[in-house]
Amino acid sequence: MAFGEHQATSFAGISGTVHERVRDWMRSAIVDGTLPRGSRIVQTEIAKLLGVSPTPVREAMRDLASEGLIKVHARRVATVTAIDADELRDIRLLRETLEALAARLCAERITDQELAEAERMQEEMERDPDLNKYVELNRTFHLLLYSAARSPRLTQMLQSLRAATPGMLSVAFIRSKERRLDGLDEHRRFLKACRDRDLDAAEAIFRGHSSASFDEMEASLEHRPIA
């Protein structure tokens, strides 16, 4: 796609290594619509725009692909992951309903060993500020909780729904500075509910756990200003 020079002005104000700066710029450009959903990203074009070599762009594209924000194709070409607004609303309804059920079953059936592992991951998420690491830890954390519900069909359905909304967590964290802290607090309260075997509390906490992230994802699709 074609870029205007004004679209790279914010790059100079980003701190970190060149790779981190390119990654953070591209992530923000996807969230604010500079790189529209479904658009084609060419490594050499991004490198030229930002005045860097192709190597940090390639590394940034790899990171963003792991977050689900882009899909990398052959010949160093990628596209911004696209999702339809109507589809997102359907996924939201299903996921919020099924996650509440999974949370209730998890609070009832999780073992002490699984709970200890979830608490270990929670501690790691709280002390590591790196977004890429957080996204991966968060994914593993939720998959452990789904598995602890002891319902393979339910776990399969939730995994499919999560895969259908790639990059949602990254979008939410960029658009709302409070979302990461709120999410971690919800995790803590949920783990306490599991320790207490409080099924009602666990269900209530997880029924709304992804709501804020879906709100930010919908705002991103509509290109509403970041709060």
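The values are calculated or read from the model by the stated rules, or taken from the named source; none is laboratory data. Note that the coordinates shown come from a computational prediction; the quantities given were computed from them, not determined experimentally. All Cβ positions, even for glycine, are placed from backbone atoms using ideal geometry, and neighbour counts span all protein chains on display. We work out accessible area using only protein heavy atoms, side chains counted, and drop any ligands, DNA or RNA first. Shrake-Rupley method; radii C 1.70, N 1.55, O 1.52, S 1.80 Å.
Protein-only accessible surface at a 1.4 angstrom probe places the residues H73, H209, H19 in the order H73, H19, H209, largest first. Could you tell me the distance between the Cα centroids of segment 194-219 and segment 115-192, to the nearest Å? Taking the Cα centre of segment 115-192 as reference, the centre of segment 194-219 is 11 Å away. Averaging the sequence gap over all C-alpha pairs within less than 8 Å and six or more residues apart, then dividing by the number of residues, gives the chain a relative contact order of 23 percent.
Could you state, as a whole-number percent, how many of the C-alpha pairs of the chain are farther apart than 30 Å?
Tail fraction, whole percent: 28.
Only Lys, Arg, Asp and Glu carry charge here, each on its Cβ (+1 for the first two, -1 for the last two); on that basis the chain has a dipole of about 660 debye about its Cα centre. Taking amide H atoms as placed 1.01 Å from N in the peptide plane, the amide H of S39 lies under 5 Å from those of V80, each 5 or more residues away in sequence or on another chain. Report summary: the helix-based calculation at 222 nm, which adds -39500 (n - 2.57) for every DSSP H run with n ≥ 4 and divides by the residues of the chain, gives -22000 deg cm²/dmol. Phi-derived couplings, Karplus 6.51 cos²θ - 1.76 cosθ + 1.60 at θ = phi - 60°, listed residue by residue for segment 63-72: 4, 5, 5, 5, 7, x, 6, 9, 10, 8 Hz, with x used for Gly and Pro.
For segment 132-227, the Kirkwood hydrodynamic radius comes to 14.3 Å, computed from all pairs of different C-alpha atoms.
Only lysines eight or more places from K177 in sequence, or on another chain, were considered; those with a Cα closer than 25 Å are K133, K192.
Applying D = kT/(6 pi eta Rh) to segment 122-161, where Rh is the Kirkwood radius over alpha-carbon pairs, T corresponds to 10 °C and eta to 1.306 mPa s, the Stokes-Einstein value obtained is 145 µm²/s.
When a/c reaches 1.5 or more, the comparison of a/b and b/c decides; with that in mind, is segment 35-136 rounded, prolate or oblate per its Cα gyration tensor? Note, shape of segment 35-136 comes out oblate.
Coupling constants for segment 89-101 follow from the phi torsions by the Karplus curve (6.51 cos²θ - 1.76 cosθ + 1.60, θ = phi - 60°), and in residue order they are 5, 5, 4, 4, 4, 5, 5, 5, 5, 6, 5, 5, 5 Hz; glycine and proline get x. Excluding ligands, DNA and RNA, the accessible surface per residue across the chain is 49 Å² with a 1.4 Å probe. Report, ordered by chain and residue number, the aspartates and glutamates lying within cross-link reach of K48, taken as a straight Cα distance under 19 Å and ignoring same-chain residues fewer than 8 apart. Straight-line reach from K48, under 19 Å: E5, E20, D24, E59. Projecting label points 7 angstrom from Cα along Cα→Cβ for L101 and S53 puts them 5.3 nm apart.
Each residue of segment 118-133 was assigned a 3J(HN,Hα) from its phi angle through the Karplus curve 6.51 cos²θ - 1.76 cosθ + 1.60 (θ = phi - 60°); the sequence is 5, 5, 5, 5, 4, 4, 5, 5, 6, 9, 9, x, 5, 5, 4, 5 Hz, with glycine and proline shown as x.
Here the accessible area is traced with a 1.4 Å probe on the protein chains. For segment 3-138, carbon and sulfur cover 50 percent of it.
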